[in-house]
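Right, one structure below, let's go through it.
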Amino acid sequence: MEDAPVAGYEGKRIAVVGAGVVGVTTAVRAQRRLAGAEVTLLSEQLTPHTTGDGSAGLWEPYLLADTPPALVQRWAVETYRHLVSLWRRPEAPELGVSLVPLVCVSQQPPGPPPPWAPHVLGFTALDHHQLGALSAEHGRRYTSGFSMVTLTAEPTRWLPSLLEEFRSRGGKLVHPYSVRDLRLLEGEYDAVVNCAGLGAAKLVKDDDDPVFPIRGQVARVYAPWIKHVFLEEFSGGNYVIPNIDSVVLGGTSQHRDWECDVRPEDSEHVLGGCARLLPALRGAPLLVQWAGLRPARRRVRLEAQRLPGSALKVVHNYGHGGAGITLSWGCAGHAVDLLQQELTACKL
Ligand SMILES: Cc1cc2nc3c(=O)[nH]c(=O)nc-3n(C[C@H](O)[C@H](O)[C@H](O)COP(=O)(O)OP(=O)(O)OC[C@H]3O[C@@H](n4cnc5c(N)ncnc54)[C@H](O)[C@@H]3O)c2cc1C
């Protein structure tokens, strides 16, 4: 959905804290929609050093805990449609957007399809025979699964192009800059959107549902013959996701683990496990290994908040777990809806 510019926000000063995929998409959608607003991005890290940059950028709602399914559907489907529209553009290679077939298997009993299933291309549940054949091939017992056509939006390509748009629309980027307390932004800005990811742990008091890390370790190999995604979605599972110049092999999901160094035992799990899925990967040249921290919560925090004793309008947009790219565009649109409401209420 395109953002139609809305008048009435001329001269409004908006700060977005955090230039990961969530912050950058939020900043650009705020510029597109709130005509004349002055948007500033304040961030400690920039691409290629944000969490999404290490990921494969796969569209697949993952590790979202108790986030309400209706919201996941709203945000994820809007992002899916946007990525399809980017994939159709002549500049899709520069944006890093690819359309890819996906097979996902699990060890859960078969259940109803997820609510987003009717909105993606070709969602089909795997049948008993397919699960049996894959189980025999991979030496694991799969009990349910599906296939679909999905997208990858590689943040190392997508984020620079979004930042270029941000600058060309007059956005100001302040980097490296660490916000110690949101209240300190009062006076300089009318509103702030908190897109600090895991950094929100220090920035906001959020005792009911604090953000915490889910560590993920992956490897990138050179294997240009691999053109499809395969996911084992259960504890101890592996995954294979092709990107444009490499293939991402995963992975781990270690809760409350802050270690960003690569661990040999995880490398063994990733490389050995993916070769179990696809023996041809055994000889694929290893390009790089990386460990990153997913910013997780019980549920994504996307809401407005009035700070006691402060006139600053705050919108939170963080805690996207293993699906920050998958939800990014939809969450950015929702965050801008909330910004509009907050700034309009303040005018009234
Ligand atoms: C191994 C791995 C694989 C993944 N694969 C996928 C995938 O395929 N698809 C998918 O959708 N998701 C995936 N994810 C999850 C995804 O990467 C994250 O959900 C997403 O990157 C979070 O984006 P973010 O912008 O909220 O956080 P971040 O990218 O962490 O950005 C936060 C930003 O805030 C800044 N910041 C923090 N605190 C402050 C402060 N106090 N002041 C100023 N700036 C601050 C940081 O410097 C940074 O720029 C993966 C994650 C991992 C670790």
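Structure values in brief
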| read-out | value |
| --- | --- |
| Neighbour cut-off at most 16 other Cβ (10 Å), DSSP loop, trypsin sites (Lys or Arg not before Pro), the stretch 155-185 | Arg169, Arg180 |
| Calculated from backbone phi, Karplus (6.51, -1.76, 1.60) coupling profile of the stretch 189-205 in Hz, x at Gly/Pro | 10, 7, 8, 9, 10, 8, 10, 7, x, 5, x, 5, 4, 8, 7, 10, 8 |
| Heavy-atom accessible surface of the chain: percent carbon and sulfur, 1.4 Å | 54 percent |
| The stretch 239-290: chymotrypsin sites (Phe, Trp or Tyr not before Pro) in DSSP coil with no more than 11 other Cβ atoms inside 10 Å | Trp258 |
| Gyration tensor (alpha-carbon) shape descriptor, the stretch 13-347, a/c threshold 1.5 | prolate |
| Relative contact order (%) - the stretch 13-347, alpha-carbon pairs under 8 angstrom, separation at least six | 27 percent |
| Whole-angstrom gap from the stretch 203-269 to the stretch 65-125, using each part's C-alpha centre | 18 Å |
| Amide proton proximity set for Thr150, modelled H, under 5 Å, gap of 5+ | Val100, Leu102 |
| Estimated vicinal HN-Hα couplings, Hz - the stretch 151-165 in sequence order (Karplus 6.51, -1.76, 1.60; Gly, Pro = x) | 9, 10, 10, 7, x, 5, 9, 5, 5, x, 6, 5, 5, 5, 4 |
| Solvent-accessible area per residue, Å², over the chain with all protein chains present [probe radius 1.4 Å] | 44 Å² |
| Cα-based shape type of the stretch 308-348, given that a ≥ b ≥ c are square roots of the gyration tensor eigenvalues and the cut on a/c is 1.5 | oblate |
| Loop GluC sites (Glu not before Pro), the stretch 60-145 (other Cβ atoms within 10 Å of the site Cβ: 15 or fewer; DSSP) | Glu91 |
| Tensor-based shape of the stretch 168-218 (alpha-carbon gyration tensor, a/c under 1.5 rounded, otherwise prolate or oblate) | oblate |
| Centroid-to-centroid separation of the stretch 274-348 and the stretch 1-58 [C-alpha atoms, Å] | 12 Å |
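The values are calculated or read from the model by the stated rules, or taken from the named source; none is laboratory data. It should be emphasised that the depicted structure is a prediction, and the values quoted were computed from it without experimental measurement. Every residue, glycine as well, gets a Cβ built from its backbone with ideal geometry; the counts of neighbours run over all protein chains shown. Heads up: the accessible areas ignore ligands, DNA and RNA and are worked out on the full protein's heavy atoms, side chains in. Shrake-Rupley method; radii C 1.70, N 1.55, O 1.52, S 1.80 Å.
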